[in-house]
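Q: Supplied in structure tokens, the structure appears directly below.
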Amino acid sequence: MKAVLFGATRGIGRSLARLMAERGDALVLLGRDADALQRSAADLQARGAAQVATAPCDLAEPAGFTAALAAAATALGDFDTVVLSAAEFARPEQLTNDPAATARLVTVNFANSVAFLEAARALLLARGGGTLCVFSSVAGDRARQQTGLYGATKAALSHYAESTDLRDRPHGLRVVLVKPGFVHTGMTAGLPAPPFAGEPDAVAARVLMAIDRGWPVVHAPAIWRVIMLAVRALPRAVLRRLAF
Amino acid sequence: MTVLSGWGRVPTVEGHERLGENLAEVCRPASLSRGLGRSYGDASLPARPGAVVAGTRLGDRIVAFDRATGVLRAEAGFRLEQLEHLARPAGWVSPVSPGTRHVTLGGMIASDVHGKNHHVAGCIGAYVQALRVQLADGSELEIGPEREPALFAATLGGMGLTCHILEVELQLAAIARPWIVTEEQTWPDLPALVAALRAASRQWPYTVAWVDALTRGRHLGRGVVITGRWAEAHEAPATVPAHTRTATVPFDLPTWVLGRASVRAFDELFYRAHHWRPRRGLVHPDTFFYPLDGIRRWNRLYGAPGFVQHQCVLPVGDDDRVITSYFETLTRHGGASFLTVLKDCGAEGRGLLSFPKPGLSVALDIPMRGAATQALVDALNRHVIEAGGRIYLAKDALTRAADFAAMEPRLAAFDAVRRTWDPARRLRSALSVRLFGDAP
């Protein structure tokens, strides 16, 4: 596999990149922190990646997306898989009275994410297809008090990914929508962990299976598919009383 | 704020564990680094409630791994489990393995861990070629046996009190086959067991003894000597064995589960089972080195009150009575140790405060029962002081400062290094407040 990974210096993206490296995939890492990219590239090289290149790319700077993807194509010759796991996170109380932070969350997690995915999609379709893997969240499956605007951006992203898959799969482009449940990563550090919280390595193994098999939607850990079925079925009156 | 504790789950401190991928940035505001929290007592806990410790476990990248020379350099949060996964297929292993693979490189260095091969291999510090550290003032420094040797020696086994460890460079050990040849034999009493352990250590690189510390009288100290070595090329397949299955203890068990009666029953069964087991075999290295890792979160077996471990080294020479009376003290106080492990230690390493020295190391697991457990640990420590031994800080939760000072003539030298590199004593922990006289 020749994959472009945006957001693989951290969290589940880091674990996924390591699994790909161990089986000898060729990788290009996109990210905004040059030092973190270099350190992660060395890590993946040591773990057995066929090749690791890096290119600067910031999800807050959509003007750079085309250049970053072009650099990736140059480094790998060609690529068949693009994974977007970069995103921002904010709790509702962190956004209160902060219109700039509010706008930034919506822009980065939805508008810019879509812009990046559209650029990647065009390249993959032009070469006859491939896999586009999008990290959304179970937070987008049902509106709740705690997930707030973050959940809303993820709901929109899920909607976009599913509709793109419906449209493009006949043309060879498989869109894999990943909905992680609560996973112990740097992003969730300090948040109270619910039952069935996952570990990034195990979650990444499931995501890689979904990429290899072209599953349109994957919950990880798998139990969250059942949990979200139940949460989606909860009457709103119950949600009002549950502070979650 | 989260409730932080060590593996024994007592004591607990409410504090902030700052997590992040960029270790230098994570460590800067913190007074202590904390890996996976697998030290048993308060070594990884903040000095006071509300203080910040740096959680290093997300800083787990490999910086470089040379498959030809076996030199590995990685960030401090890199886990022994990851090391084995990476290096074993390439014919390299950690030169020293503690009792669990769920530890970080940084934690291994801070405790200067030892293993079943201490009598020939020493501590992990002997294989550290370099450390990248962050000093108390926030600046970074590369240290090693020849670069700032005093700070380096104090950092090996220094319990995180000298600096934050950011990167570790380690010389791994070469193996022919990723399998262990092992032998086990039971012995009916303590003198026989200790003699057998010493004899085994003259022939085997890995030796340890499990002891039944509850049976009184003639059979006091009966047990099993377990020995092992890496298989030779003609003895085992070259393929790396698959990961062994694990089970998880799902919740805190009631405290009677590991009470005196059940521990006695377990000891009896364990002893008899080994009586009949095949004495020689080829086993998975994880089974041999990390048998307890097969049960994830086994610390819940002790229930909500938690447990403490007392591990000491007693310079016994040829006189086993020191060990006998240590066990008698344990049973006199009604202590029941679920797992009692005996290991003969080799020479002292270069770590300024490292635990092992020539003699016998004894490790006891003791369920926490408040004041009674404190009294037991005090009594055991009186023994240690009389025998000229010392305790292992990575296991300790209850030792008193005066007792620790009586065991540790090296304390002044350690304090001198801290005065040089951290005059304000910014770096400290709950353990250093308890034992080193640091301000909370």
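Q: Scan the range B:371-385 and give yes if some residue there is closer than 22 Å to B:I109 by Cβ and polar (S, T, N, Q), otherwise no. Break it down stepwise before answering.
A: First, pick out the residues of the range B:371-385 that are closer than 22 Å to B:I109 by Cβ: none.
Among the residues of the range B:371-385, not one is closer than 22 Å to B:I109 by Cβ and polar (S, T, N, Q), which makes the answer no.
Q: If we scan the range B:55-63, do we find a residue that is within 14 Å of chain A (Cβ to nearest Cβ) and over 27 Å from A:R14 (Cα atoms)?
A: Checking the range B:55-63: not a single residue is within 14 Å of chain A (Cβ to nearest Cβ) and over 27 Å from A:R14 (Cα atoms).
Q: Which one of A:V183, A:V176, A:V203 is within 14 Å of chain B (Cβ to nearest Cβ), touching a strand residue (DSSP E or B) at 6+ places or on another chain (Cβ under 6 Å), surrounded by 22 or more Cβ atoms within 10 Å (Cβ to Cβ) and under 29 Å from A:R121 (Cβ atoms)?
A: A:V183
Q: Determine which single condition B:L86 fails, assuming it passes every other condition in (1) over 23 Å from the mean Cα position of the chain (by Cα); (2) at the interface with chain A (Cβ under 10 Å from one of its Cβ atoms); (3) outside any loop (DSSP other than H, G, I, E, B).
A: Just one mismatch for B:L86, condition (1).
Q: Take the residues in the range B:41-53 that are within 19 Å of B:A76 (Cα to Cα) and away from chain A (no Cβ under 13 Å); name whichever of them is surrounded by the most Cβ atoms within 10 Å (Cβ to Cβ).
A: Of the range B:41-53, the ones within 19 Å of B:A76 (Cα to Cα) are B:43-46, B:52-53.
Filter again for away from chain A (no Cβ under 13 Å), leaving B:43-46.
On the way: B:A43: 28, B:S44: 31, B:L45: 28, B:P46: 25.
In this case the residue turns out to be B:S44.
Q: Would you pick out the residues in the range B:119-138 that are of a type in the set (A, V, I, L, M) and assigned to a loop (DSSP other than H, G, I, E, B)?
A: B:L135, B:A136
Q: Among the candidates B:F404, B:F414, which residue alone is more than 23 Å from B:S139 (Cβ to Cβ) and part of a helix (DSSP H, G or I)?
A: Of the residues listed, the single one that is more than 23 Å from B:S139 (Cβ to Cβ) and part of a helix (DSSP H, G or I) is B:F404.
Q: Go through the range B:347-370 and count every residue that is among the charged types (D, E, K, R), in a loop (DSSP other than H, G, I, E, B) and either crowded, with 21+ Cβ neighbours inside 10 Å or in contact with a Ser or Thr (Cβ under 8 Å, 6 or more places away or on another chain) (or both).
A: 1
Q: Would you check if there is a residue in the range A:41-55 being surrounded by fewer than 19 Cβ atoms within 10 Å (Cβ to Cβ), in contact (Cβ under 8 Å) with a residue 24 or more places away in the chain, polar (S, T, N, Q) and farther than 20 Å from A:M187 by Cα?
A: Restricting attention to the range A:41-55, the residues satisfying the condition of being surrounded by fewer than 19 Cβ atoms within 10 Å (Cβ to Cβ) are A:42, A:45, A:48, A:50-51, A:53.
Restricting the remaining residues to those that are in contact (Cβ under 8 Å) with a residue 24 or more places away in the chain gives A:45, A:48, A:50-51, A:53.
Now restrict to residues that are polar (S, T, N, Q): A:45, A:51.
If we keep only those that are farther than 20 Å from A:M187 by Cα as well, we get A:45, A:51.
Looking through the range A:41-55, at least one residue is surrounded by fewer than 19 Cβ atoms within 10 Å (Cβ to Cβ), in contact (Cβ under 8 Å) with a residue 24 or more places away in the chain, polar (S, T, N, Q) and farther than 20 Å from A:M187 by Cα.
Q: Suppose the filter is touching a residue at least 60 places away in the same chain (Cβ under 8 Å), under 23 Å from B:D137 (Cα atoms) and acidic (D, E); does B:E75 pass it? I'd like the intermediate steps shown before the answer.
A: Values: touching a residue at least 60 places away in the same chain (Cβ under 8 Å): yes; under 23 Å from B:D137 (Cα atoms): yes; acidic (D, E): yes.
Judged against the criteria, B:E75 is a match.
Q: Test B:V263 against the criterion of being within 26 Å of B:G294 (Cα to Cα) and either part of a strand (DSSP E or B) or touching a Pro at 6+ places or on another chain (Cβ under 8 Å) (or both), and give yes or no.
A: Details: within 26 Å of B:G294 (Cα to Cα): yes; either part of a strand (DSSP E or B) or touching a Pro at 6+ places or on another chain (Cβ under 8 Å) (or both): no.
When the stated conditions are applied, B:V263 does not pass them.
Q: So which residues in the range B:318-331 are in contact (Cβ under 8 Å) with a residue 12 or more places away in the chain and either among the acidic types (D, E) or more than 13 Å from B:A363 (Cα to Cα) (or both), if there are any at all?
A: Just the residues of the range B:318-331 that are in contact (Cβ under 8 Å) with a residue 12 or more places away in the chain, to begin with: B:320, B:322-331.
Listed by number, the residues that qualify are B:D320, B:V322, B:T324, B:S325, B:E328, B:T329, B:T331.
Q: Still on this structure, I have one more. Could you tell me which of the residues B:R79, B:R38 is modelled with pLDDT of 95 or more and within 13 Å of chain A (Cβ to nearest Cβ)?
A: On the way: B:R38 fails: within 13 Å of chain A (Cβ to nearest Cβ).
The unique qualifying residue is B:R79.
Q: Sticking with this structure for a sec: Considering only the range A:1-27, how many residues are within 19 Å of A:F89 (Cα to Cα) and of a type in the set (D, E, K, R)?
A: 2
Q: Being more than 14 Å from chain B (Cβ to nearest Cβ) and assigned to a loop (DSSP other than H, G, I, E, B) is the filter here; which residues of the range A:25-60 pass it?
A: A:D25, A:A50, A:C57, A:D58, A:L59, A:A60
Q: Considering only the range B:309-320, I want to know if a residue exists there that is surrounded by fewer than 18 Cβ atoms within 10 Å (Cβ to Cβ) and modelled with pLDDT of 90 or more.
A: Checked against the condition, which is being surrounded by fewer than 18 Cβ atoms within 10 Å (Cβ to Cβ) and modelled with pLDDT of 90 or more, the range B:309-320 yields at least one hit.
Q: Scan the range B:202-219 residue by residue and report those that are farther than 15 Å from B:L364 by Cα and more than 20 Å from the chain's Cα centre (by Cα).
A: Within the range B:202-219, B:R202, B:Q203, B:W204, B:R216, B:G217, B:R218, B:H219 qualify.
Q: A follow-up question, please. Across the range A:147-164, what is the total count of residues that are of a type in the set (S, T, N, Q) and in contact with a helix residue (DSSP H, G or I) (Cβ under 6 Å, 6 or more places away or on another chain)?
A: Final tally of qualifying residues: 3.
Conditions (1) among the β-branched types (V, I, T); (2) under 26 Å from B:V308 (Cβ atoms), marked per residue:
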position	(1), (2)
B:T12	yes, yes
B:L23	no, no
B:C27	no, no
B:L32	no, yes
B:G35	no, yes
B:G55	no, yes
B:R61	no, no
B:D66	no, no
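Q: For the range A:68-80, enumerate the residues that are touching a strand residue (DSSP E or B) at 6+ places or on another chain (Cβ under 8 Å) and either at pLDDT 95 or above or not in a loop (DSSP other than H, G, I, E, B) (or both). Can you show your working first?
A: Restricting attention to the range A:68-80, the residues satisfying the condition of being touching a strand residue (DSSP E or B) at 6+ places or on another chain (Cβ under 8 Å) are A:68-69, A:71-72, A:75-80.
Matches in the range A:68-80: A:A68, A:L69, A:A71, A:A72, A:A75, A:L76, A:F79, A:D80.
Q: Can I ask one more? Return the residues of the range B:3-26 that are of a type in the set (S, T, N, Q) and either facing chain A (nearest Cβ under 8 Å) or more than 24 Å from the chain's Cα centre (by Cα) (or both); say none if nothing qualifies. Break it down into steps so the answer makes sense when it comes.
A: Step one: of the range B:3-26, the residues of a type in the set (S, T, N, Q) are B:5, B:12, B:22.
Within the range B:3-26, B:N22 is the sole residue that qualifies.
The values are calculated or read from the model by the stated rules, or taken from the named source; none is laboratory data. Model, not experiment: these values are computed from the prediction. Using ideal geometry, Cβ is built from the backbone for each residue, glycine included, and neighbour counts are taken over all protein chains shown.
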